Amino acid sequence: MTDRYVVIGNPVAHSKSPLIHAAFATQTQQKIVYERLEAPIDGFIDSTAEFLAMGGSGCNVTVPFKEEAFRFANTLTERAELAGAVNTLWLDDEGVVGDNTDGAGLVRDLQRHIKLAGLRILLLGAGGAARGVLGPLLAEKPAQLVIANRSTDKAIALAKQFTKLGPVTGCGFAELPNQPFDLIINATSASLAGEALALPASIWQADGLAYDMMYSKAETPFLLQANAAGVRRRLDGLGMLVEQAAEAFFLWRGVRPETEAVLADLRTKL
Ligand code: NDP
């Protein structure tokens, strides 16, 4: 029987995951079916349990169910535990396993462009996406990682939870240190709302890298802001999306797909 996978979310019609996994399956000659599953807002657990009981092999989980998936899993990987959220589920002998591949996806995408060790990194935002990438970013041994968030208390609290893993501090946008950063990652959802962030001019440097986790056909408001500040290297989160999917595919199938061509093709379809 062909193994079946789904991406579960609400809404989920926009998800590019079926396209990405179909491309991985063709490339690696894996016989799988990968579809979208929209669960009712209050029905994540029922929908997921039913899919797995009917022979489903694994799921990706997207907005707004990543925290519920964390609670649903019987066992968690270390990085899922740290992230407090799960985006990849599958079954083993013990039951449902939950992992989080978002951070690994971001790091892999960044590593195509920059070496993270020794960098001064600014992470904007303190929501689920920021939390999910903190462990994998700190594992790359940056010189400094500052979390800045609109709600200052959330940035400080998040930094406190990760201090044992590396040199991380939290603050509000207005309290950002008067220094440039080598890498500035936008993990806020401000770009979704078309809004620019109230950031001091001192943080940008021309040969730094600006990275927006959000992706779109045109440059996002955050990347336009970086461009206006003179930052030459700017990337959106489409590469992160493809890399987190590749990591999930590897967990499920034991084969690591090539991502360059899949990313280039997806870019033309935005
Ligand atoms: P959350 O809702 O958990 O967090 C939202 C964050 O954005 C909070 O820190 C919030 O600040 C901040 N924020 C929202 N609006 C504004 C604003 N107008 N000005 C300043 N800060 C704002 O969202 P997620 O963490 O789940 O997602 C964040 C982004 O990451 C989204 O754009 C999402 O699409 C993207 N993402 C991309 C992925 C990829 O594979 N490319 C994977 C996962 C996420 P406050 O605490 O003050 O409310």
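Read the figures in this text as sums done on the coordinates, not as results from a lab. The model shown is predicted, which means the values in this text are computed figures rather than measured ones. Here the Cβ is made from the backbone with ideal geometry for all residues, glycine too, and neighbour counts use every protein chain on show.
At a glance:
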{"item": "FRET efficiency, 1/(1 + (r/R0)^6) with R0 30 Å, evaluated for Val63 and Thr163 via beta carbons", "result": "0.60"}
{"item": "Coil-residue trypsin sites (Lys or Arg not before Pro) of segment 198-270, DSSP, other Cβ within 10 Å capped at 11", "result": "Lys217, Lys269"}
{"item": "Contact order normalised by residue count of the chain, Cα under 8 Å, 6+ apart, percent", "result": "15"}
{"item": "Mean-position separation - Cα centroids, segment 173-213 and segment 68-112, in angstrom", "result": "27"}
{"item": "Neighbour-count ranking [beta-carbon atoms within 10 angstrom, fewest first] of Val242, Val7", "result": "Val7, Val242"}
{"item": "Angstrom value of the Kirkwood radius, inverse mean 1/r, which spans all Cα pairs in segment 104-236", "result": "14.5"}
{"item": "Loop-located trypsin sites (Lys or Arg not before Pro) in segment 1-51 whose Cβ has at most 13 other Cβ within 10 Å (DSSP)", "result": "Lys31"}
{"item": "Debye-sum result for segment 223-270 in log10 I(q)/I(0), which assumes one identical scatterer on each alpha carbon, at q = 0.18 Å⁻¹", "result": "-0.66"}
{"item": "When segment 71-173 is reduced to its Cα atoms, the Kirkwood hydrodynamic radius in Å", "result": "14.2"}
{"item": "Once the Cα gyration tensor of the chain is diagonalised, semi-axes √(5λ) in Å", "result": "32, 20, 17"}
{"item": "Theoretical gain in end-to-end length, Asp46 to Thr26 [0.36 nm per residue, Cα-Cα removed]", "result": "4.1 nm"}
{"item": "Total charge dipole magnitude, the chain, about the Cα centre, Cβ charges on Lys, Arg, Asp, Glu only, Debye to nearest 20", "result": "780"}
